[in-house]
Amino acid sequence: MKKWNIITAAALALMLAACGSEETETPKASDTNKASETEKEVVEESAFPMTVSSLSTARETEEGASVTFEDITLEEEPKRIISLDYGFLDTLDALGVEGIVGVPAGGGKGNIPTHLKEKYAPSDDIADVGTLKAIDFEAVAAAEPDIIFISGRQTPFYEELKEITPNVVFIGSDNSNYIDAVYETVDLAANMFDKVEKGEELKAALQEKVDAVNEKVAGYENALVAMYDDKKMSGFDNGANSRFAYVYNDFGFKPATTDIDASSHGSDFSYESILSVDPEVLLVVDRTVSDVETIKADIENDIIKQTRAYKEGKIVYLDGTNWYFSSNGVTTEAAKLQEILDELK
């Protein structure tokens, strides 16, 4: 009886195995074709390889040398990123892009926007790669970036950075079409890092601020943008080469004067010059990044107290980090606009 059970069990096992083999069908040609089509669709939908163009074809350095920026081709999404521009770092952060491996922290003396300082403080994962204008090339190379983003201050170092990685992209601003240029940087990053939907949200939120400021300042006769730096003042009009031309051209202020020498760093503009122009609104960018109360004693002197802006309480002190060091970031631009909305009540 025991022997029969063993034989029967063996026979039953053979029968089940045979049934199993009969149920395993060879894939149909149509199924194979469907799988191939699905794979093909995935390949066609991939954004890579991707050709990326800088936001300017060429730029002159402060010394007058011309630098031409080349298109790059990315085979895959960059995983290790260095942004030598604080504004673009702000945009990458707002989009939720990860993989920052280096920032120009300047040994703790950099002017990283306040809302980014803690997150991007130098660590084992994030290298301190120098300052905006004094790059630590060894630190950049050691961070092994897949891509490096630069703006105007780093233009002279374009060729040197390309020796570390050929993927160097210029994302500098265009003062003649400022807000649109900010949107271009958002689009560039959003397309590269698959954040298009988030990018559209950020642009829409910024445009709301732009519209609100344009509406608010429409009632003012004129304004002057001045920059305070170590007890000296510089003035800016709406000229093509003016660093703050966008305050007039994009934010809607009418210039109190158009007779200021065009310069990205402004033109020496004494307190007497400000009084002669006598703006209704005086916008002061604090280049020293000091406490407001620290510079008020210098600026609100006997001469400035004679201006219309002082008498009407329309001297607006602006955050130097956002306005001078980290322009073009999608959230820093929103913060700059909010400063104006808050101060011009």
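The values are calculated or read from the model by the stated rules, or taken from the named source; none is laboratory data. Just so you know, these numbers come straight off a predicted model, no measurement behind them. Every residue, glycine among them, receives a Cβ derived from its backbone with ideal geometry; neighbour counts consider all protein chains shown. These area figures cover heavy atoms from the full protein model, side chains too; ligands, DNA and RNA do not enter into them. Shrake-Rupley method; radii C 1.70, N 1.55, O 1.52, S 1.80 Å.
Scan the range 204-252 for residues that are open to solvent by 70 Å² or more (accessible area, probe 1.4 Å) and under 14 Å from N177 (Cα atoms) and the total you get is 3.
Only one of the listed residues (Y120, Y183) is of a type in the set (F, W, Y), under 19 Å from the mean Cα position of the chain (by Cα) and within 25 Å of Y248 (Cβ to Cβ). That residue is Y183.
Kindly indicate whether D268 is of a type in the set (D, E), more than 22 Å from L344 (Cβ to Cβ) and either touching a strand residue (DSSP E or B) at 6+ places or on another chain (Cβ under 7 Å) or surrounded by fewer than 16 Cβ atoms within 10 Å (Cβ to Cβ) (or both). So D268 fits the description; yes. Every test in (1) at pLDDT below 95; (2) more than 21 Å from the chain's Cα centre (by Cα); (3) buried (at least 16 other Cβ atoms within 10 Å of the Cβ) is passed by E280 save one, and that test is (1). Scanning the range 184-216 for residues that are in contact with a Leu (Cβ under 7 Å, 6 or more places away or on another chain) and β-branched (V, I, T) turns up T185, V186, V210, V213. Of all residue pairs spaced 6 or more apart or on separate chains, none has beta-carbon atoms under 7 Å together with a first member in the range 176-200 that is without any contact (Cβ under 8 Å) to a residue 12 or more places away in the chain and a second member that is surrounded by fewer than 17 Cβ atoms within 10 Å (Cβ to Cβ). Does E63 satisfy the criteria of being outside any helix (DSSP H, G or I) and open to solvent by 60 Å² or more (accessible area, probe 1.4 Å)? Yes; evaluated as a whole, the condition is true for this residue. Across the range 92-145, the qualifying residues are those that are acidic (D, E) and buried (at least 17 other Cβ atoms within 10 Å of the Cβ), and the one among them that is farthest from M192 (Cα to Cα) is D136.
Restricted to the range 177-202, and to residues there that are farther than 26 Å from S242 by Cα and either assigned to a loop (DSSP other than H, G, I, E, B) or small (G, A, S) (or both), the residue that is most open to solvent (accessible area, probe 1.4 Å) is D194. State which residue is surrounded by the most Cβ atoms within 10 Å (Cβ to Cβ) when the search covers only the range 324-339 and only residues that are part of a helix (DSSP H, G or I) and of a type in the set (S, T, N, Q). Out of the qualifying residues, it is T332. Would you tally the residues in the range 287-315 being outside any helix (DSSP H, G or I), out of contact with any Leu (no Cβ under 6 Å at 6 or more places or on another chain), closer than 20 Å to A256 by Cα and open to solvent by less than 60 Å² (accessible area, probe 1.4 Å)? Within the range 287-315, residues that are outside any helix (DSSP H, G or I), out of contact with any Leu (no Cβ under 6 Å at 6 or more places or on another chain), closer than 20 Å to A256 by Cα and open to solvent by less than 60 Å² (accessible area, probe 1.4 Å) number 3. Looking only at residues of the range 219-275 that are out of contact with any Gly (no Cβ under 8 Å at 6 or more places or on another chain) and among the basic types (K, R), we find that the one that is modelled with the lowest pLDDT is K231. Figure legend. Inter-residue proximity from the range 75-95: first residues of a type in the set (D, E), second residues open to solvent by less than 10 Å² (accessible area, probe 1.4 Å) and part of a helix (DSSP H, G or I), beta-carbon distance below 8 Å, spacing 6+ or different chains. Indicated pairs: E77/M192; D85/Q154; D90/L116; D90/V330; D90/T332; D93/L116. Note on the range 169-196: residues that are closer than 18 Å to T155 by Cα and aliphatic (A, V, I, L, M) amount to 3. Of the residues examined, K162 is not one that is within 13 Å of the chain's Cα centre (by Cα), surrounded by fewer than 20 Cβ atoms within 10 Å (Cβ to Cβ) and not β-branched (V, I, T).
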